[in-house]
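First comes the structure, then the notes that go with it.
Each reported figure results from applying straightforward, stated rules to the coordinates on display, with no laboratory input. These numbers were taken from a predicted model, which means no experiment stands behind them. Every residue, glycine among them, receives a Cβ derived from its backbone with ideal geometry; neighbour counts consider all protein chains shown.
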Amino acid sequence: MQEKISKLKELLQNSQKIVITVHRGPDGDALGSALALQNILLQLNHEATVISPNNYASFLHWMKGNENVVIFTEENEKAIQITNDADLIFLLDFNNLSRIGEYTDTVKNASAKRIMIDHHQEPDMDAADIIISDTLSCSTSQLLFEVLEGLEYKHLINKDVAECIYTGIMTDTGSFKYSSTTDKTHHIIAELITKGADNSKIHDLIYDNYSEDRIKLLGYCINDKLLLYPHLKSAIISLNEQELEKFNFKKGDTEGVVNYALSVHGIIFAVFIAEKEGKVKMSFRSKGDFHVNNIAKKYFNGGGHTNAAGGISVYNIQDTIKKLEEIFIEYKNELLINN
Ligand code: 5GP
Ligand code: MN
């Protein structure tokens with residue numbers, strides 16, 4: 001890793017215009033790491049722009065630098081121009097160019113060198129010139145902290161940067177509870193708090209910030225839409241477009257719903273299905289050794305981590321549920337062995 005970091009330092013010294021991009025529908029880790037890196041690069045007098053392929057949840061909008069993020073789907077020409085002019089493009093929190101959706105071709109066609117910093121499994125080795133990948137890291141934000149340490153830029157981590165990195169680590173570890181959370185994670189978190197990250201404020205802004213519609217939608221999911229398969233340790237929650245509309249769905253409103261299905265006693269595999277923008281989007285969560293990324297990849301054109309993955313179904317919601325019920329039976333032995 002140190003060798004790659006030295007190469008990166010050299011590249012940075014020879015680059016002025018820098019783009020930082022993240023996966024479609026960026027989460028706290030993607031946006032947190034991107035805004036943290038941008039803040040550091042601006043301090044080093046680079047021209048740094050964060051370009052998100054599309055919009056994201058409003059509970060992330062408080063982060064420093066959010067107001068200057070260029071949304072590809074909303075400011076198309078500007079995003080293309082900045083990307084074409086860039087010397088360097090950072091790819092954060094994804095490892096395959098297909099994950100940036102409509103922004104993919106622009107990045108592929110740009111002449112800039114590409115640097116990937118990511119923690120997902122099986123990085124596409126053709127996606128970037130320098131690949132800093134640690135699949136054991138709980139988050140891209142934690143990995144970025146270590147990269148900044150390697151670059152000897154740790155003194156540039158101010159309160160704003162600390163809060164962005166804190167957010168990324170917190171959201172990708174389920175508030176420090178997933179097994180990816182290690183002693184190293186807690187040491188880094190301690191340093192971020194020393195540098196001024198207001199941990200209690202951040203939890204409040206991210207988690208205790210529901211609109212009335214959002215909390216009622218969650219209630220509806222649990223009361224009316226939770227399908228439990230206790231004999232297969234599995235659960236499904238699904239929402240169609242009409243249901244989302246009824247609760248005035250806004251981006252981010254269904255984030256975390258899948259965790260409620262997983263929090264039921266005995267359930268180790270939970271799936272959330274939502275019909276959004278004409279697509280049937282899937283979220284998978286599991287406990288222990290049950291690898292949901294394999295299922296996401298094999299059946300739903302997706303991927304992710306052992307215990308958290310996503311994908312897209314080619315079926316409608318009813319048929320997706322049927323397909324999942326078949327999958328539960330196919331994986332019955334693994335489901336019953338685990339936990
Ligand atoms: P979420 O369920 O929160 O949308 O995503 C959970 C995890 O799966 C995240 O780490 C995310 O990066 C990954 N993921 C979500 N959707 C996709 C997808 O369509 N393709 C791949 N490869 N990974 C995904
Ligand atoms: Mn992540």
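For the stretch 264-338, the percent of C-alpha pairs falling in each 5 Å distance bin, counted from 0 to the bin holding the largest distance, reads 4, 17, 29, 27, 16, 6, 1, 0. Shown here are the Rg and Dmax of the Cα trace of the stretch 13-121, at 12.4, 36 Å. Each of His187, His119, His46 has some number of other Cβ atoms within 10 Å of its Cβ, and from fewest to most they run His187, His46, His119. By the Stokes-Einstein formula, at 0.692 mPa s and 37 °C, the chain with its Kirkwood radius over alpha-carbon pairs has D equal to 159 µm²/s.
Would you mind ranking Leu31, Leu227, Leu335 so that the residue whose beta carbon has the fewest other beta carbons within 10 Å leads the list?
The order, fewest Cβ neighbours first, is Leu227, Leu335, Leu31.
Taking the Cα atoms of the stretch 205-339, the ratio Rg/Rh between the radius of gyration and the Kirkwood radius comes to 0.95. Between helix 76-85 and the chain there is an angle of about 40 degrees, using the helix long axis and the longest principal axis of the Cα atoms.
So for the stretch 2-207: antiparallel DSSP bridges make up what percent, rounded to the nearest 5? Numbers along the way, then the final one.
Numbers: 0 of 21 bridges.
So the antiparallel bridges amount to about 0 percent of the total.
Quick one: Cα centre-to-centre distance for the stretch 59-137 and the stretch 158-178, in angstrom? A separation of 20 Å, based on Cα centres.
Report summary: the helix-based calculation at 222 nm, which adds -39500 (n - 2.57) for every DSSP H run with n ≥ 4 and divides by the residues of the chain, gives -12500 deg cm²/dmol.
Strictly greater than 21 Å: what percent of every Cα pair in the stretch 169-251 meets that? Before the final figure, lay out the partial values.
Values: 1809 of 3403 pairs.
Here the tail beyond 21 Å accounts for 53 percent of pairs.
Between the residues Ile40, Asn240, Val19, the greatest Cα displacement towards the positive end of the dipole of the chain, with unit charges on the Cβ of Lys, Arg, Asp and Glu, is found for Asn240. Legend: Rg and Dmax of the stretch 246-286, from Cα coordinates, 11.4, 33 Å. All other residues whose Cβ lies under 13 angstrom from that of Ile5 are scored, Lys and Arg at +1 and Asp and Glu at -1, for a net of -2. If you line up the long axis of helix 183-194 against the longest principal axis of the chain, both from Cα atoms, how many degrees apart are they, to the nearest 10? The two axes meet at around 60 degrees. In the stretch 219-339, Cα pairs under 8 Å separated by at least six residues give a relative contact order of 21 percent. Our summary of shape: the Cα atoms of the stretch 72-159 have principal axis extents of 35, 31, 23 Å, ordered from largest down, in whole angstrom.
Basic side chains Lys and Arg get +1 at the Cβ, acidic Asp and Glu get -1 at the Cβ, and with that the dipole of the stretch 93-153 about its Cα centre reaches some 180 debye.
The packing ranking of peptides 54-62, 106-114, highest mean first, is 54-62, 106-114, where packing means the average number of other beta carbon atoms within 10 angstrom of each residue.
For the stretch 98-215, the normalised intensity computed at q = 0.12, 0.13, 0.21, 0.23 Å⁻¹ comes to -0.54, -0.63, -1.17, -1.25 (log10 of I(q)/I(0), Debye sum over alpha carbons, equal scatterers, no solvent).
The angle between the Cα long axis of helix 140-150 and the longest principal axis of the Cα atoms of the chain comes to about 20 degrees, rounded to the nearest 10.
Taking other Cβ within 10 Å of each residue's Cβ, how do Thr306, Thr182 sort, fewest first? Numbers along the way, then the final one.
Working: Thr306 18, Thr182 15.
Result, fewest neighbours first: Thr182, Thr306.
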